[in-house]
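Here's the structure we're looking at; comments come further down.
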Amino acid sequence: MDNKDCITQKEEYIIQENKDGTKITVRDLQLEVLEIMDEIHRVCVKNNIHYALIAGSALGIVNYKGFIPWDDDIDICIVKEDWNKFIDALNKDLSDKFYFQCFENDKKFNVINGPTMKIRKKGTYIEEVNFLLKNRCKSGNGIFVDAIIYDNICDNKFIDELNRTFIKILMPFYVLVDNLHIPHVAFSKFIRWYSDKYSRKYKNSKLVSQPISVPWEKFMHEPVFLKKDVFPFKEYEFEGRKYYSYNNIEKILKEWYGPNCLKKWNGKCWEETLPVEKRKPKHTAYIDLHKDSR
C-alpha cells in the first residue's frame, strides 16, 4: 500500500478484555467481518447484484484503503430493484459457513432496526450496543455485515421528512410492543408496505436514500444523495481486494460527514482528521469469536 495514497499509521484498539487475560481487538473483529464481506462480494458478482460499501466503510476506502482502524463493522447497500434478487441469491449460493436474517425469511426480524438485513458468520457471537430493539431471530447472533436498501425518495425533502415522521411517530409503539414480546408481524408488514408504496411513487426521482422505514436519522439530516453521485457503483481497493462503493465517493462522504472528514496531508504523510477522543469502536458490547450463543 503506497503511503502517498492513504493513511498508514494504525494503532491497536481493544474491544474487550476477557477474564483469562486475553484481549479481543478491533482488528480481530475486522478480519471476521472481512470473511463475510468476501462471501457477499462473491455471491453478488456471481448473480449480477449491485452493492456498495457505505458510511464509515466508504470513508475507510478513501482514507485507509480498508477499514478505519477503530471501525467495528461494515455497512453495505443494495439497490431496491435488486433486493429480492439478492435474497434469492443468498438462499441459493451463500456458503453454509454463513446465514442471513431479514423480514423476508424471519418475521421476528425488526423492520425499523436500521439495517434491512444482517449476514452473519456461524460459530461466532456478538452483542450490539442497542438499548431499544434486540435481535429476536432464533437463528443466532453471529458476527455480521449490515445490508441496507438504497431506495427512491421524493425530490422534495419536506415531503420526504413528512413521510419519515409518520414512521417516527409509530416507532415508540413498535419498540414497546417488541420489548413486551407481543407478536407484531402485522405491524411490521404495514411499515414495509408503507415504505414500498412510497418507493414506487417516487421511482423516477433524482434522489436516493435509506428507506423511510428507517426512522433513526435526525430531522432533515438523513443521508440523501443524488442518484448520479451514487450510481453506477465503482470498484475501489479495500484491504487488498476490490469492493464496490459510490460513483462520486468523495462528494458523498463530504455531504454525509462534513467537508473535513477526508484525510489531510501534513507535508510528509496523510493524517486522520477525526479527534483522537472520538476514535473508538461504538457498536460492540460483547463478542465471542468461537461460539454461536451465550
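In whole Hz, what ³J(HN,Hα) sequence does segment 12-20 give by Karplus (6.51, -1.76, 1.60; θ = phi - 60°), x for Gly and Pro?
In residue order, the calculated couplings are 8, 10, 8, 8, 8, 10, 7, 5, 7 Hz.
Under DSSP H, which helices of the chain have Cα atoms covering 20 Å or more of the helix axis and a Kyte-Doolittle average no less than -1.0?
Those that clear 20 Å and a mean of -1.0 are 26-46, 157-179, 185-201.
Run down the lysines and flag those whose C-alpha is under 20 Å from the C-alpha of LYS264, throwing out any fewer than 8 positions away in its chain.
LYS4, LYS10, LYS65, LYS251, LYS254, LYS278, LYS280
How much length, in nm to one decimal, is gained on full extension between LEU274 and VAL175, taken as 0.36 nm per residue of separation minus their Cα-Cα distance?
Difference between extended and current length: 32.3 nm.
Sorted by average packing, counted as other Cβ atoms within 10 angstrom per residue and highest first, what order do 52-61, 119-128, 17-26 take?
52-61, 119-128, 17-26
Could you work out the relative contact order of the chain, using alpha carbon pairs under 8 angstrom and six or more residues apart, expressed as a whole percent?
25
Please list, ordered by chain and number, the residues whose modelled amide H lies under 5 Å from the amide H of GLU271; skip anything fewer than 5 residues away on the same chain.
Here LYS264, TRP265, ASN266 satisfy the definition.
Obtain the nm distance between the two label points defined at ALA186 and LEU31 by a simple spin-label model: each point lies 7 Å from its Cα along the Cα-to-C-beta direction.
5.0
Of the listed values (i) 29, 25, 19; (ii) 25, 22, 21; (iii) 56, 19, 16, grab the one calculated as semi-axes √(5λ) of the Cα gyration tensor in Å from the structure here.
Here the calculated entry is (i).
Every number here is computed from the coordinates shown, using simple stated rules; none is lab data. Model, not experiment: these values are computed from the prediction. For neighbour counting, all protein chains shown are included, and Cβ atoms are generated from backbone atoms with ideal geometry for every residue, glycine included.
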